[in-house]
Amino acid sequence: KSAKTNGYILVSANGGLNQQRVAICNAVAVASVLNATLVIPKFLYSNVWKDPSQFGDIYQEEYFINILKDDISIVTELPPDIKSLDAEAIGSQVTDAILAKEATVADYVKIVLPLLLKHRVVHFLGYGNRLGFDPMPSDIQVTNLPHLSSFEYATSLLQICRTFNSQYLRSITRDTRHDTVT
């Protein structure tokens with residue numbers, strides 16, 4: 001990780017929880033490749049999933065920032081001078097029309113890096129992209145892959161999961177006992 005950043009990466013991830021997680025992991029790798037600072041990702045609302053949750057509702061932001069601090073810089077929001085820019089108006093909004101879904105590291109360097117250097121920010125809108133895996137430099141794999149399971153979920157989400165699992169296990173036990181009685 002270099003002390004000087006090439007700019008900031010905004011990610012608006014789409015899809016369900018797994019697609020969003022994959023997009024975040026890829027955004028971490030892309031930030032590393034482009035020597036950029038990642039802004040805590042946003043999740044797009046989907047009429048399919050009907051879930052308004054954002055990153056901090058699901059993951060612990062401080063843990064995410066701290067676990068990756070040796071690999072990339074992560075901030076919770078853009079600095080004020082960049083926040084006021086309209087990424088679409090200045091031409092630094094990146095969609096599937098600009099960058100293929102299975103783009104390689106070379107594609108990111110060729111297409112996205114010049115935008116980042118010119119505008120100091122790029123916004124991956126509807127980012128469900130996956131990095132093309134062949135060839136991916138081993139140091140990028142090291143940055144990306146170990147963190148696939150390193151997300152620490154927010155306490156409220158963990159509590160919901162535990163409650164669901166507990167109720168589910170009780171219902172199975174109750175159904176099993178009912179089945180053996182009859």
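So if I place +1 on the C-beta of Lys and Arg and -1 on the C-beta of Asp and Glu, and nothing else carries charge, what would the dipole magnitude of segment 42-133 be about its Cα centre? I want it in debye, nearest 20.
So the magnitude is around 260 debye.
Tell me, in nm to one decimal, what length is gained between Ser53 and Ile82 on full extension, where the rule is 0.36 nm per residue of separation less the Cα-Cα distance?
In short, 7.9 nm is gained.
Need the full-extension length gain, Lys118 to Lys42, defined as separation in residues times 0.36 nm minus the C-alpha distance. One decimal, nm.
Once the chain is fully extended between Lys118 and Lys42, it gains 25.0 nm.
What are the residues whose amide H is under 5 Å from the amide H of Thr104, where those residues sit 5 or more places off or on another chain and H is modelled from the backbone?
Close amide H contacts, sequence-distant or interchain: Gly132.
Tell me which residues come under 5 Å, amide H to amide H, from Thr37 once H is placed; ignore anything under 5 positions away on its chain.
Answer set, sorted by chain and number: Asn6, Gly7, Tyr8, Ile9.
Among 52-58, 24-30, 9-15, how do they line up by average Cβ neighbours within 10 Å per residue, starting with the highest?
Going by the mean number of other Cβ atoms within 10 Å, highest first, we get 24-30, 9-15, 52-58.
Step through the residues of segment 18-28 one at a time and calculate ³J(HN,Hα) from phi using the Karplus curve (6.51 cos²θ - 1.76 cosθ + 1.60, θ = phi - 60°), rounding each to whole Hz and writing x for Gly and Pro.
Calculated HN-Hα couplings, in order: 5, 4, 5, 5, 5, 4, 5, 4, 5, 5, 4 Hz.
At 0.36 nm per residue, minus the direct Cα-Cα distance, what do Lys4 and Ile98 gain on full extension? Give it in nm, one decimal, please.
Details: separation 94, 0.36 × 94 = 33.84 nm, distance 2.64 nm.
Gain in length upon complete extension: 31.2 nm.
Read-outs: derived from the displayed coordinates by stated rules, not from any lab. It should be emphasised that the depicted structure is a prediction, and the values quoted were computed from it without experimental measurement. All Cβ positions, even for glycine, are placed from backbone atoms using ideal geometry, and neighbour counts span all protein chains on display.
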